[in-house]
1. Quick check, is residue 106 modelled with pLDDT under 95, open to solvent by 30 Å² or more (accessible area, probe 1.4 Å) and of a type outside the set (A, V, I, L, M, F, W, C)?
2. Six or more apart or on different chains, Cβ atoms under 6 Å: show the pairs whose first residue is in the stretch 79-98 and under 10 Å from residue 110 (Cα atoms) and whose second is in a loop (DSSP other than H, G, I, E, B).
3. Only one of 61, 35 is of a type in the set (S, T, N, Q), without any contact (Cβ under 8 Å) to a residue 40 or more places away in the chain and under 18 Å from residue 95 (Cα atoms); which?
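The values are calculated or read from the model by the stated rules, or taken from the named source; none is laboratory data. What you are looking at is a predicted structure, and each value in this text was computed from that prediction instead of being measured. Reconstructed Cβ throughout: ideal geometry from the backbone, glycine too, with neighbour counts over all protein chains shown. Accessible surface is based on the protein model in full, side chains and every heavy atom, while ligands, DNA and RNA are left aside. Shrake-Rupley method; radii C 1.70, N 1.55, O 1.52, S 1.80 Å.
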Amino acid sequence: MSNEHVMSISGTVHYLIKILLSPNSTLHVSLQDVTPAAPVKELAQQVIPHAETAGLDFNLTYAAADVLPGHSYGITARIETNGQVIFATTKPHRVELGVNHLRPEDVVVRNVRKNPDSNA
């Protein structure tokens, strides 16, 4: 067991189109250092298979030592069905790390399908 201090941030991914997710949908959520002029660094990720029944809630655990002063952090998310991205964030959902989050984060993903009327 590590003595590393960890923190977590949780929330829900929302999509605005009123459709049911297709069977075998997978939710991918990532917490990243998105500081401009620095390489993107992933601090945590969560993959939730069968998101159509498991839901779109997430909980990301990250090492407090990875939070650097003056850096910017964001959550990105995507929903895939059969390996095809259906919904995704268009830009990172900005978050403040190193603090206790009293409210869950609401992350909005947009339809990225070429044909939004199809279920695939």
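1. On the way: modelled with pLDDT under 95: no; open to solvent by 30 Å² or more (accessible area, probe 1.4 Å): yes; of a type outside the set (A, V, I, L, M, F, W, C): yes.
Spelling it out, it is not the case that residue 106 is modelled with pLDDT under 95, open to solvent by 30 Å² or more (accessible area, probe 1.4 Å) and of a type outside the set (A, V, I, L, M, F, W, C).
2. That search, which allows pairs on different chains as well, returns 86/113; 88/112.
3. So the residue among 61, 35 that is of a type in the set (S, T, N, Q), without any contact (Cβ under 8 Å) to a residue 40 or more places away in the chain and under 18 Å from residue 95 (Cα atoms) is 35.
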